[in-house]
1. Can you give me the C-alpha center-to-center distance between segment B:71-109 and segment A:63-83, rounded to a whole angstrom?
2. Select the chain B residue whose beta carbon lies nearest to the rotation axis carrying chain B onto chain A, and write the distance in whole Å.
3. Taking each residue of A:183-196 in turn, how many C-beta atoms of other protein chains fall within 10 Å of its C-beta, and what is the average?
4. Take peptide B:144-153, look around each residue's Cβ out to 10 angstrom, count Cβ atoms belonging to other protein chains, and average those counts.
5. Per 10 Å bin from zero, what fraction in whole % of the C-alpha pairs of the protein assembly as shown is there, up to the bin with the longest pair?
6. If I histogram all Cα-Cα distances within segment A:50-199 using bins 10 Å wide from 0, what percent of pairs lands in each bin?
7. Please report B:Val33, B:Val174, A:Val169 as a ranked list, fewest other C-beta atoms within 10 angstrom at the top and most at the bottom.
8. Can you give the charge dipole size of the protein assembly as shown about its Cα centre, rounded to the nearest 20 debye, using +1 on the beta carbon of Lys and Arg and -1 on the beta carbon of Asp and Glu?
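Read the figures in this text as sums done on the coordinates, not as results from a lab. Nothing here was measured: the structure is a model prediction, and the numbers come from that model. Cβ coordinates were reconstructed from backbone atoms using ideal geometry, including for glycine residues, and neighbour counts include every protein chain displayed.
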2 protein chains.
Amino acid sequence: MEQKVDTRSRILDIAEAAVLEKGFEATSIEEIVAGADISRGGFFYHFKDKNALARAMLERYIEVENALYDDLFARARELNDDPLHCMLIGLKLLAEMLEEMPTGHPGCVIASTAYQDRLFDEGVRELNRQAILGWRKRFRGMFEEIAKVYEPREPVNMDALADMVSGVVEGGLVLQRALREHNNASEQIMLFRTFLKLLFSPTT
Amino acid sequence: MEQKVDTRSRILDIAEAAVLEKGFEATSIEEIVAGADISRGGFFYHFKDKNALARAMLERYIEVENALYDDLFARARELNDDPLHCMLIGLKLLAEMLEEMPTGHPGCVIASTAYQDRLFDEGVRELNRQAILGWRKRFRGMFEEIAKVYEPREPVNMDALADMVSGVVEGGLVLQRALREHNNASEQIMLFRTFLKLLFSPTT
DNA sequence: CTCCGACTGTACTGCGAGTCCAGTTGACGC
DNA sequence: GCGTCAACTGGACTCGCAGTACAGTCGGAG
């Protein structure tokens with residue numbers, strides 16, 4: 001049973017690296033089993049089909065991403081108790097993290113999944129949906145805390161503002177991928193930060 | 001020769017609809033030729049392979065999108081000569097247009113292409129890149145006009161601000177696709193508009 | 001010693017991309 | 001009216017990859 005966990009996550013590691021680099025469809029099972037040094041039969045022992053692999057990858061990815069956000073904003077909170085400054089510091093840390101990744105960010109599986117929809121079953125799509133709704137809830141909560149302290153200068157839809165965090169990151173990653181530049185995502189986050197500063201700045 | 005143009009664009013129509021709905025890889029040539037009522041041989045007569053099809057689709061799509069932006073901001077200019085207000089009106093029109101699309105927006109081929117990278121050759125990727133750089137140039141020009149009249153309240157990187165238009169649209173479309181909601185993209189654009197209003201509002 | 005979970009290995013089906021090519025059809029130029 | 005050429009049709013084929021089926025192996029827990 002040691003082996004089971006081991007091999008399974010080894011497959012996920014290899015698959016994730018390949019998928020983030022080339023896309024899901026362009027990654028063959030042949031290639032994964034070669035990388036993980038197992039037989040084709042071994043692969044299908046762990047995953048019913050490619051869909052099951054996609055599902056497991058998404059689950060793991062979302063978990064990691066959530067842990068990352070938890071950690072990021074916890075660190076931000078330690079540095080400053082004010083909800084607005086906590087948000088601003090958290091976003092700064094996020095931008096820095098994205099910038100530090102040498103090969104550029106691995107690219108977000110969410111967008112990739114969204115645009116290859118029909119390749120996946122309903123379970124995978126629903127997982128994707130729930131992940132984004134989770135982030136909406138997370139950031140909405142944070143923005144409500146901020147709004148309690150700082151009256152927004154313009155009326156905003158809180159759900160949309162929360163979605164903008166995800167949207168700006170996703171959009172930035174799309175640009176980055178397409179342009180072959182490497183800091184678009186972090187620049188976009190920094191601009192969003194500027195937006196928040198202006199939106200919640202005291203009305204003199 | 002009438003036929004040639006006719007059949008070719010009929011293939012592109014069918015393919016575009018299918019690809020926007022299901023993604024490129026999930027769309028088979030079989031299905032395209034059935035829809036266009038031609039033989040497999042006929043398809044390969046017009047397009048060397050799926051890559052050539054992708055390239056032609058992208059070219060057409062980018063042209064349409066550029067014409068759309070031209071038209072949108074020309075209409076906005078007619079309504080108001082001030083560069084900031086022209087931008088704000090143009091974005092409003094864009095948001096409304098996205099909202100009016102009954103099935104939600106067809107989804108942006110750019111993002112889809114970016115995330116399926118290795119499926120395509122260098123030509124397709126470069127086309128994609130140039131399209132985004134074109135939008136950067138377009139919006140950067142507009143923002144520079146605005147900045148001549150209105151001093152930005154916070155320092156911003158003009159290229160990044162220009163990219164934010166594309167990024168917010170792309171990001172919004174990703175959310176929309178993944179969430180199965182229908183107005184995320186337009187909401188994101190409206191939020192970006194709020195950002196611009198705050199950024200370029202007269203410093204009291 | 002035996003059972004079981006984690007595999008290996010092989011052989012097979014089926015699908016879709018892409019190739020090759022021989023033949024048809026209709027418009028146009030002469 | 002005849003040849004030519006572009007725009008196809010239709011069919012046969014190869015290849016790579018997903019997925020199925022299943023028989024056999026191997027090592028550790030009981």
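1. 37
2. Measuring from each Cβ to the axis, the minimum is at B:Gly171, 1.
3. Average neighbour count from other chains, rounded to a whole number: 5.
4. Counting Cβ atoms of other protein chains within 10 Å of each residue's Cβ and averaging gives 1.
5. 4, 21, 30, 25, 13, 5, 1, 0
6. 11, 39, 35, 14, 2
7. In increasing order of surrounding Cβ atoms, one gets B:Val33, A:Val169, B:Val174.
8. 40
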